[in-house]
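Student: Below is one structure. I have some questions about it.
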Amino acid sequence: MADLPSRDDILKFVAEQTGKVGKREIARAFRLSGSDRIALKKLLREMAAEGLLEGARKSGMRVQGDLPNVCVIRVTGRDGENNLVARAIREGEVLDKPDAPLVTIIEPSGRGRVNRSAQLVSPGDTALARLARVNKNRYEARIIRKLGGTQAQIIGVIRHRPDGAWVVPVSRQERYEYRAREGADGLEEDTLVKAEKTSSARNGNATVKIVEAFGSAASPHAFSLIAIAEQNLPIDFPEAALIQAKETKPDNMEKSARTDLRDIPFVTIDPADARDHDDAVYAEPDVDPDNQGGYVVWVAIADVATYVTPGSAMDKEARKRGNSVYMPDRVVPMLPERLSNDLCSLREHEDRPCMAVRMQIDAKGKKRGHKFVRGMMRSAAKLSYQQAQGIFDAQAVAGSDNSSKGTSERAGLEDILGALWQAYQLMAQARDARAPLIIDKPERRIDMNEQGAITRIYIPPRLEAHRLIEEMMIAANVCAAETLETRQVPLLFRVHDAPPPERMHALADFIKPLGARLDLGQPVVPALFNRIMVKARDSEHYSTISEAVLRTQSQAVYTPENIGHFGLNLGRYAHFTSPIRRYADLIVHRALIRALKLGKDGLTDVEIEELPAIAEAVSATERRAMIAERMAADRYLSAFMSDQIGECFNGQISGVSRAGLFVKLDSTGADGLVPISRLGAERFFVDDDKLSLVGGTTGTVFRIGQPVEIRLMEATPLQGGLLFSLEDYASFPNAKGRKISRGPATSRRPHANKRRKNSRKTGRRK
């Protein structure tokens with residue numbers, strides 16, 4: 001008979017184990033059998049009663065205070081190696097004291113079946129995780145599923161009141177204000193903060209703990225900060241990534257075997273305020289006698305892969321960010337500024353490493369062939385879209401840097417752009433024959449001065465210079481996808497699925513009353529929608545039909561599996577042209593390097609296995625960036641219009657709901673709400689099939705796309721909200737000339753009070 005281990009021996013043994021520990025494991029470790037196991041069972045029961053051990057038979061025992069095998073965690077940030085870290089949640093409280101165990105999240109590798117929800121956790125998220133003990137104070141976690149996104153965190157502003165500091169949320173979805181339980185000391189009024197909820201909003205006792213302060217909400221840059229905080233966008237780069245970027249040396253012809261392209265006079269054409277230039281173009285007539293009337297088109301792209309190698313600190317951070325985010329007043333870059341604005345940017349008159357594709361275009365604009373090279377280029381000129389368009393139109397470019405150049409240099413630039421224009425004309429012919437989906441959705445632009453104040457908000461004109469660059473980038477992206485498919489090297493495709501049948505039927509039903517027709521028996525191709533738009537061009541319902549067609553389309557995503565790109569009407573398509581700001585493009589560059597044996601920094605076997613996870617992650621970060629950009633723009637726009645309360649504007653109904661009418665202004669593209677209470681005292685119904693709001697008494701119809709005149713009643717910049725009222729109510733169909741009542745809407749249930757009065761009363765127990 002062996003001696004029973006002491007309590008300390010058992011506690012030490014359980015604490016040192018990383019897997020499941022039960023009576024069987026303890027008995028085996030101390031070589032106990034027979035009656036000794038009965039005594040051990042009794043001892044373990046006593047230790048559990050004394051609070052020394054906890055756990056269950058299935059989950060295993062653990063020392064009091066240790067974390068269970070399955071636990072709810074809160075993601076708190078990243079460590080020095082860029083790994084996500086978290087804290088456990090016990091009894092509703094986050095274990096965030098200095099001596100609390102740290103949980104490192106093991107991110108999905110992409111091998112086998114990948115849990116999609118597990119890939120999308122970020123700082124602030126709550127998740128259910130399976131834990132494995134590493135040592136006394138550290139655990140590794142694998143995410144089982146995400147729990148409720150970032151609902152436990154709020155973004156708000158400090159308000160000091162007689163009963164203490166309160167946090168007023170900036171989100172329109174938040175219904176409550178929260179008392180600041182801790183972290184508000186020393187914070188001034190209107191300070192923008194991030195807070196964690198520490199209690200529910202029941203009985204008006206909701207409390208929060210302030211975890212981060214961003215500065216004054218009155219600052220001109222506060223609206224971008226709010227969007228960044230709401231979407232948990234990473235701003236600061238890890239020290240390891242910054243050090244790596246600082247120590248990176250420029251590549252040159254002597255360091256690497258590159259094709260010398262420096263004699264080719266590439267030009268960059270970008271927005272006037274662009275700081276990073278990741279693409280350059282050049283074209284010349286093809287001298288190949290078999291390609292009479294054709295052109296050679298070069299597209300050179302910044303070779304980011306030469307500086308950002310797989311598994312490096314910069315690569316890990318770029319993968320986490322997924323893409324750059326463009327706010328009205330700032331850019332949240334994917335790469336450190338040392339790379340994005342310097343080493344990788346195709347600066348004028350400076351040598352830069354590049355990945356370039358040479359394309360042969362025939363006289364009808366169709367591609368005859370292409371070839372990729374890894375080269376060294378030197379941009380001959382940096383132009384804005386407006387400058388390029390001015391030269392295309394043979395007009396003087398006022399204020400252009402090129403206007404001071406000599407005559408010969410100016411003439412040389414005009415020759416370069418002239419050849420680009422001729423090549424584009426041929427490519428445009430091929431594009432028209434291909435018939436991609438044509439929906440020009442105008443994008444608003446917000447101009448700001450150096451102090452951060454908005455100077456104007458407008459919808460800029462769509463120039464042919466924009467289309468020239470777009471067409472050449474699309475052609476280069478197609479070449480990348482074709483090359484990698486031919487070489488059978490995995491990649492990330494940019495795919496866009498055709499609209500699902502249910503959306504097609506809904507569109508057909510919607511546009512029929514508007515005089516448009518959709519034949520559901522025809523093949524679903526982009527030209528089908530283009531014909532609808534062309535026929536509706538001169539119709540009063542054009543905007544309505546255009547919006548409906550846009551809403552019918554699917555969302556473009558990244559995936560290793562190719563299904564084609566419906567909108568562009570292409571069988572294969574990949575993003576290759578913007579590796580400075582998109583991680584998907586960097587993956588395609590590495591795939592080309594591997595496929596064409598252009599270096600040792602190509603796509604790795606590990607990355608190939610992880611492609612499904614990478615595709616899901618970059619698609620998610622793209623959606624996150626779009627949301628953040630829209631939210632920031634909405635807030636800046638609301639602030640801009642806050643000085644125009646009471647003024648009238650023209651707009652179009654962009655959406656309907658039980659809340660009221662959503663209206664988009666013609667002048668600025670601003671979105672706002674006409675509340676249902678401002679439409680009168682009658683009851684309104686949402687007709688989903690016709691995308692309309694219909695009055696139950698008068699039959700008044702408010703339809704998406706309908707032009708309206710509205711008056712601005714309220715602007716809330718912190719929430720990005722605008723409230724309108726209708727000015728020309730009597731002109732609406734079936735309105736019967738009645739006036740708007742400013743009173744509250746009547747009950748949604750007619751005769752509700754009468755039914756309640758006549759209902760049988762229930763007796764009360766005496």
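Student: I'm checking my understanding of the structure. Among residues of the range 428-448 that are farther than 16 Å from E464 by Cβ and of a type in the set (D, E), which one is modelled with the lowest pLDDT?
Tutor: E443
Student: Just checking, which of S578, S546, S554 is among the polar types (S, T, N, Q) and surrounded by fewer than 17 Cβ atoms within 10 Å (Cβ to Cβ)?
Tutor: Answer to the check: S554.
Student: Residues of the range 501-532 being under 25 Å from G651 (Cβ atoms), crowded, with 18+ Cβ neighbours inside 10 Å and not aromatic (F, W, Y), which ones?
Tutor: Selection gives A506, L507, I511, L514, A516, I532.
Student: So, in the range 1-34, how many residues would count as being at pLDDT below 75, part of a helix (DSSP H, G or I), loosely packed, with under 14 Cβ neighbours inside 10 Å and not acidic (D, E)?
Tutor: So the answer is 1.
Student: Is at least one residue of the range 206-215 surrounded by 18 or more Cβ atoms within 10 Å (Cβ to Cβ), small (G, A, S) and at pLDDT 90 or above?
Tutor: Checked the range 206-215: no residue is surrounded by 18 or more Cβ atoms within 10 Å (Cβ to Cβ), small (G, A, S) and at pLDDT 90 or above.
Student: In the range 533-558, how many residues are aromatic (F, W, Y) and over 30 Å from E616 (Cβ atoms)? Write out each step before concluding.
Tutor: Step one: of the range 533-558, the residues aromatic (F, W, Y) are 542, 558.
Adding the requirement that they be over 30 Å from E616 (Cβ atoms) leaves 542.
Final tally of qualifying residues: 1.
Student: Is at least one residue of the range 624-646 more than 22 Å from V170 (Cβ to Cβ) and aromatic (F, W, Y)? Let's see the steps before the verdict.
Tutor: Of the residues in the range 624-646, the ones more than 22 Å from V170 (Cβ to Cβ) are 646.
Filter again for aromatic (F, W, Y), leaving none.
No, the range 624-646 contains no residue that is more than 22 Å from V170 (Cβ to Cβ) and aromatic (F, W, Y).
Student: Further question on the same structure: Out of the residues in the range 526-550 that are free of Cβ contacts under 8 Å to residues at least 24 places away in the same chain and more than 16 Å from Q706 (Cα to Cα), state the one that is farthest from the chain's Cα centre (by Cα).
Tutor: My answer is K535.
Student: Would the range 225-237 turn up any residue that is crowded, with 17+ Cβ neighbours inside 10 Å, among the aliphatic types (A, V, I, L, M), outside any helix (DSSP H, G or I) and under 21 Å from the mean Cα position of the chain (by Cα)?
Tutor: Yes, some residue in the range 225-237 is crowded, with 17+ Cβ neighbours inside 10 Å, among the aliphatic types (A, V, I, L, M), outside any helix (DSSP H, G or I) and under 21 Å from the mean Cα position of the chain (by Cα).
Student: Out of curiosity, is D278 surrounded by fewer than 22 Cβ atoms within 10 Å (Cβ to Cβ) and among the charged types (D, E, K, R)?
Tutor: So D278 fails the test.
Student: Would you confirm whether any residue within the range 468-486 is loosely packed, with under 13 Cβ neighbours inside 10 Å and over 30 Å from Y558 (Cβ atoms)?
Tutor: The answer is no; no qualifying residue exists.
Student: At least 1 residues that are in contact with a Gly (Cβ under 6 Å, 6 or more places away or on another chain) and either under 30 Å from N232 (Cα atoms) or assigned by TED's automatic domain parsing to the domain that holds R330 (or both) in each: list the strands (runs of 3 or more DSSP E) lying fully within the range 590-686 that qualify. Break it down into steps so the answer makes sense when it comes.
Tutor: Working: elements: 648-657, 660-665, 671-675.
Strands (runs of 3 or more DSSP E) meeting the threshold: 660-665, 671-675.
Student: What are the residues in the range 556-581 that are in contact with a helix residue (DSSP H, G or I) (Cβ under 8 Å, 6 or more places away or on another chain), under 30 Å from K512 (Cα atoms) and either among the charged types (D, E, K, R) or in a loop (DSSP other than H, G, I, E, B) (or both), if any?
Tutor: Listed by number, the residues that qualify are F566, G567, L568, N569.
Student: Of these, I269, I264, which one is surrounded by 14 or more Cβ atoms within 10 Å (Cβ to Cβ), of a type in the set (A, V, I, L, M, F, W, C) and either outside the structural domain of H466 (by TED's automatic domain parsing) or assigned to a loop (DSSP other than H, G, I, E, B) (or both)?
Tutor: When all the criteria are applied, what remains is I264.
The values are calculated or read from the model by the stated rules, or taken from the named source; none is laboratory data. Note that the structure is a prediction, hence the values are computed from the model and not measured. Virtual Cβ from ideal backbone geometry, glycine too; neighbours counted across all protein chains shown.
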